[in-house]
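What follows is a short report on a single structure.
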Amino acid sequence: MASGRLVRILSRSVGLPAYLSVAYLERVSRRRDTPNVGHSRSEWTPPKKSSHLDEMRCDRVIRLAKAQAILRPKDLEAIGVAREYLRRLRDERVLEQPARGLHVLADSEPTEHQSLVEVCKRVPQGVICLLSALPFQELTTQIAHEVWIALPTKAWAPKVESPRLRVVR
């Protein structure tokens with residue numbers, strides 16, 4: 001009780017509210033009174049930052065990747081998950097990044113139309129056409145060496161390195 005009164009007097013002279021300094025003094029004294037359980041400060045490790053909510057968000061990203069086959073960071077906004085989880089899953093080798101801005105499950109098998117799907121994800125305003133559309137519609141067995149896409153007249157030409165694109169206006 002005397003220490004509380006002393007703290008109140010000191011807090012008035014310093015200009016701090018009494019309840020803050022009393023609470024602070026009680027916390028500090030509790031820390032000093034608790035016995036050491038055999039861990040020195042150098043042995044102490046902080047708890048893992050992974051929580052149940054993080055695991056739930058990662059599961060949601062994995063379910064979305066299974067449903068869509070290829071993910072963009074923008075796709076995570078629809079399910080309310082931060083883009084950071086793509087990087088975390090990529091670092092844990094659950095996801096792979098075949099191209100900039102695209103993510104796939106590490107254990108997924110590429111399909112015969114993988115290049116078309118990648119182009120559709122990277123150029124959403126484009127339309128697959130001509131020689132690229134024929135094998136997709138099973139009208140021919142010829143496979144084009146580049147993906148043909150049609151864009152509106154005034155649209156910017158995309159800068160996609162792989163797969164190669166042929167833009168038609």
Here the residues within region 49-76 that are under 13 Å from the mean Cα position of the chain (by Cα), under 18 Å from R100 (Cβ atoms) and not hydrophobic (A, V, I, L, M, F, W, C) are R72, P73, K74, D75
Of the residues I149, I62, which single one is surrounded by 11 or more Cβ atoms within 10 Å (Cβ to Cβ), of a type in the set (V, I, T) and either at positive phi or part of a strand (DSSP E or B) (or both)? I149
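Among the listed residues A65, A23, A18, which satisfies the condition of being modelled with pLDDT under 90 and touching a Ser or Thr at 6+ places or on another chain (Cβ under 9 Å)? Walk me through it before giving the result.
On the way: A65 fails: modelled with pLDDT under 90; A23 fails: touching a Ser or Thr at 6+ places or on another chain (Cβ under 9 Å).
Residue meeting the stated conditions: A18.
If only one of A67, A78, A157, A133 is assigned to a helix (DSSP H, G or I), within 23 Å of V168 (Cα to Cα) and free of Cβ contacts under 8 Å to residues at least 40 places away in the same chain, which one is it?
Details: A67 fails: within 23 Å of V168 (Cα to Cα); A78 fails: within 23 Å of V168 (Cα to Cα); A157 fails: assigned to a helix (DSSP H, G or I).
Exactly one of A67, A78, A157, A133 is assigned to a helix (DSSP H, G or I), within 23 Å of V168 (Cα to Cα) and free of Cβ contacts under 8 Å to residues at least 40 places away in the same chain, namely A133.
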Pairs where the first residue, in region 96-122, is over 23 Å from E84 (Cβ atoms) and the second is exposed (fewer than 13 other Cβ atoms within 10 Å of the Cβ) and polar (S, T, N, Q), C-beta under 8 Å, 6+ apart: V117/T111
Being surrounded by 14 or more Cβ atoms within 10 Å (Cβ to Cβ), in contact with a helix residue (DSSP H, G or I) (Cβ under 9 Å, 6 or more places away or on another chain) and over 22 Å from K159 (Cβ atoms) is true for just one of A69, A82, A144, A99. Which residue is that? A69
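Just name the residue that is modelled with the lowest pLDDT out of those in region 68-114 that are β-branched (V, I, T) and closer than 30 Å to T141 by Cβ. Spell out how you get there, then give the answer.
Here is the first cut: in region 68-114, the residues β-branched (V, I, T) are 70, 79, 81, 94, 104, 111.
Okay, now just the ones that are also closer than 30 Å to T141 by Cβ, so 70, 104, 111.
Working: I70: 92, V104: 94, T111: 85.
Among those that are β-branched (V, I, T) and closer than 30 Å to T141 by Cβ, it is T111.
The values are calculated or read from the model by the stated rules, or taken from the named source; none is laboratory data. Keep in mind that what you see is a predicted model, and the values were worked out from it rather than measured. Please note: Cβ atoms are built from the backbone with ideal geometry, for glycine as well, and neighbour counts cover all protein chains shown.
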